[in-house]
Amino acid sequence: MDAARDAGASTLFTLSGAHIFPLYDAAVGGKETVQQSGSPRDAQHAGPVRLIDVRHEQTAVFAAEATGKLTRTAGIAALTAGPGVTNGVSAIAGAWFNGSPLVVLGGRAPDYRWGSGALQELDQPPILESITKASWTVHDSAQIHADMTRAFSLANSAHRGPVFVDIPMDVLFTPSVANFPGTNEHVPIGVDGDAVEAAARVIAEAHHPVIVMGSDTWQAGAVEQMRALIHELGIPAIANGMGRGILPPSDPLLVTRARSAAFKGADVVIVIGTPLDFRLNYGDFKDAQVVHIVDDVSQVAGHLQATSLAGDLPVTLEASTSAVIGRGGQRRTAWREWAATLASDTARAREADTEVFTSTTAPIHPAAIYGALIPRLTDDTVVIGDGGDFVSFAGKFIEPAEPGRWLDPGPYGCLGTGPGYAMAAKLVHPQSPVVLLAGDGALGFSFMDLQSLVTHRLPVVIVVGNNSGWALERHPMRMLYGYDVIADLPTTDYARLMIDLGGSGETVTSAADIGPALDRAFASGVPSVVDVRTDPNVAYPRSTTGI
Ligand SMILES: Cc1ncc(C[n+]2csc(CCOP(=O)(O)OP(=O)(O)O)c2C)c(N)n1
Ligand SMILES: [Mg+2]
């Protein structure tokens, strides 16, 4: 726990298991501290490390991952041996795909019993190997501090990602003094001058360049350098993942809403800090050349020819800006005209939203929720999406004003992230409003962790886009087969369930009632569900399938 605190992780997310009791004892500061606190629940928040318990291990990992996304410093989850660890696997995989800094500590059957069939005796690191930067077992208690320091250092260095360490029960229960403190072994890769020049040449010669700024620009702390590159060169930009909010919607160079026109008209696409995956048509922009700037050589795309540049993002972006300016590629007339065209496309796309935003149809059009919600979002509100079509609408309509205020599951697309992400957001930003936008299907995966929000007094507003089904599967199946099966869900009273769990809740069946219900939820001071019954027949107009 000392190593975690030294690495900046001050909250441990977990679900109880005897294999890892010593971690809890260390987190709360031992028996005396607990006895001095008013209650065991108070003690959880009073010790050297805040101890947050959940109802399903995936929520512990989602919350730790979101902590890493929001603070840019690895969060930590502790999972009990065997099923505790395997319940965390999807969430660890999500963090791997997202490049989120994360440390997961696993319990493990004791070494002295190994091979004789102890409870939950499972060799866990091999299961985690393909979805972590490293995963190993610590067999010596004197080594734990050093190994945890190494785990945090690995997780926090580019390209960021999850690290898994498990500790056999007999090793973890052995009191010990660290034999050496461990070192931070991260050596940042510098700037590759030749690669910078090669990229600068392609950019400087472009007529219609466009930038895609992805999650790693935020995770790497390159926000200022990203803004400088865009503004000094005058190149329009599209935001992706945690790159959202780096430019506010008022910035004329933010053209996310004109994405299709931008990709169609671009002759050079500069993709920064995100992989060339399905979200970017695998880096295929027809005739446009691709410049790919990434934080580590491991991120250079192997499936296509691009002008690639790998390096520490803040310095690499700074060097690239200077190199493009050095080649005379700066606010050229052609670029200015191109940027102005995309800015007016963007304005037109936003204007066109008004029609669906003000829709008064019954049942409610899902977009009407955003018409009511968006004017109520403050610049510091953290918005979280967990669901299918309902969240695709959110991704389209919501343009955050600041970076680090938008969380989605990312390219792994695992449903059920919402309650864990929301928990982390409210813990990291206690003064800021937190809104979870959840599909009714998605909400089921981690539903009992709405209770954890109540337990830990985390007043999050949960807006359910309740279309009684899995819309993102219903509509494609109808399109392919002419019918759908297993896409319906019973209409469920999520507001009632939230009230039963100790929060508040309201059901909304008319568009005019959405806004006032949201106001009451924001003012309630407890976790609140606003269950909006939406039209099951509305499909998100999708242009990519991800396949
Ligand atoms: C863990 C997991 N299981 C299944 C899926 C496949 N899936 C993707 S979207 C979706 C439907 C989501 O439904 P809901 O949350 O109600 O949102 P809606 O599309 O109805 O707006 C499903 C089942 C997934 N992405 N993750
Ligand atoms: Mg649904």
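Per-structure values
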{"read-out": "For V460: the one exception among (1) crowded, with 21+ Cβ neighbours inside 10 Å; (2) over 21 Å from D53 (Cα atoms)", "value": "(2)"}
{"read-out": "Residue in the range 38-50 that is modelled with pLDDT of 95 or more and farther than 19 Å from K426 by Cβ present", "value": "no"}
{"read-out": "Only listed residue being buried (at least 24 other Cβ atoms within 10 Å of the Cβ), at pLDDT 95 or above and within 24 Å of A367 (Cα to Cα), chosen from A487, A471", "value": "A471"}
{"read-out": "Residues being among the small types (G, A, S), out of contact with any Ser or Thr (no Cβ under 9 Å at 6 or more places or on another chain) and part of a loop (DSSP other than H, G, I, E, B) - total across the range 343-373", "value": "1"}
{"read-out": "Output for the range 358-395, where each listed residue is farther than 29 Å from Y412 by Cβ, away from ligand 1 (no atom under 16 Å from the Cβ) and at pLDDT 95 or above", "value": "G371, A372, P375, R376, T378"}
{"read-out": "Of all residues in the range 519-547 being among the hydrophobic types (A, V, I, L, M, F, W, C) and within 22 Å of Q451 (Cβ to Cβ), the one that is farthest from ligand 2 (Cβ to nearest atom)", "value": "A523"}
{"read-out": "Criterion (in contact with a Leu (Cβ under 8 Å, 6 or more places away or on another chain) and in a loop (DSSP other than H, G, I, E, B)) met by exactly one of L317, L304", "value": "L304"}
{"read-out": "In the range 103-145, the residues that are small (G, A, S) and surrounded by fewer than 21 Cβ atoms within 10 Å (Cβ to Cβ)", "value": "G115, S116, G117, A118, S130, A134, S141, A142"}
{"read-out": "Residues of the range 64-123 satisfying the condition of being polar (S, T, N, Q), under 11 Å from the mean Cα position of the chain (by Cα) and not in a helix (DSSP H, G or I)", "value": "S100"}
{"read-out": "Failed condition for T307, given (1) closer than 21 Å to V255 by Cα; (2) in the same structural domain as M226 (by TED's automatic domain parsing)", "value": "(1)"}
{"read-out": "Spans of helices (runs of 4 or more DSSP H) in the range 446-520 with at least 2 residues more than 27 Å from the chain's Cα centre (by Cα)", "value": "471-481, 494-500"}
{"read-out": "Within the range 33-63, considering residues that are in a loop (DSSP other than H, G, I, E, B) and touching a helix residue (DSSP H, G or I) at 6+ places or on another chain (Cβ under 7 Å), the one surrounded by the most Cβ atoms within 10 Å (Cβ to Cβ)", "value": "V54"}
{"read-out": "Set R332, R327: member being assigned by TED's automatic domain parsing to the domain that holds A200, in contact with a Lys or Arg (Cβ under 8 Å, 6 or more places away or on another chain) and of a type in the set (K, R)", "value": "R327"}
{"read-out": "Candidate set: the range 382-406, residues that are among the charged types (D, E, K, R) and away from ligand 2 (no atom under 16 Å from the Cβ); chosen: the one nearest to V435 (Cα to Cα)", "value": "R405"}
{"read-out": "Selection within the range 210-229 - surrounded by 24 or more Cβ atoms within 10 Å (Cβ to Cβ) and either assigned to a loop (DSSP other than H, G, I, E, B) or touching a strand residue (DSSP E or B) at 6+ places or on another chain (Cβ under 9 Å) (or both)", "value": "V210, I211, V212, M213, G214, D216, T217, A220, A222, M226, L229"}
{"read-out": "So A487, is it in contact with a Lys or Arg (Cβ under 8 Å, 6 or more places away or on another chain), closer than 27 Å to N87 by Cα and within 16 Å of ligand 2 (Cβ to nearest atom)", "value": "yes"}
{"read-out": "Any hit, the range 407-414, residues being free of Cβ contacts under 8 Å to residues at least 60 places away in the same chain, within 16 Å of ligand 2 (Cβ to nearest atom) and under 14 Å from M242 (Cα atoms)", "value": "no"}
{"read-out": "Test: A340 is in contact with a Lys or Arg (Cβ under 7 Å, 6 or more places away or on another chain), in a helix (DSSP H, G or I) and more than 16 Å from ligand 2 (Cβ to nearest atom)", "value": "no"}
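The values are calculated or read from the model by the stated rules, or taken from the named source; none is laboratory data. What you see is a predicted model, and the numbers here were worked out from it, not measured in a lab. All Cβ positions, even for glycine, are placed from backbone atoms using ideal geometry, and neighbour counts span all protein chains on display.
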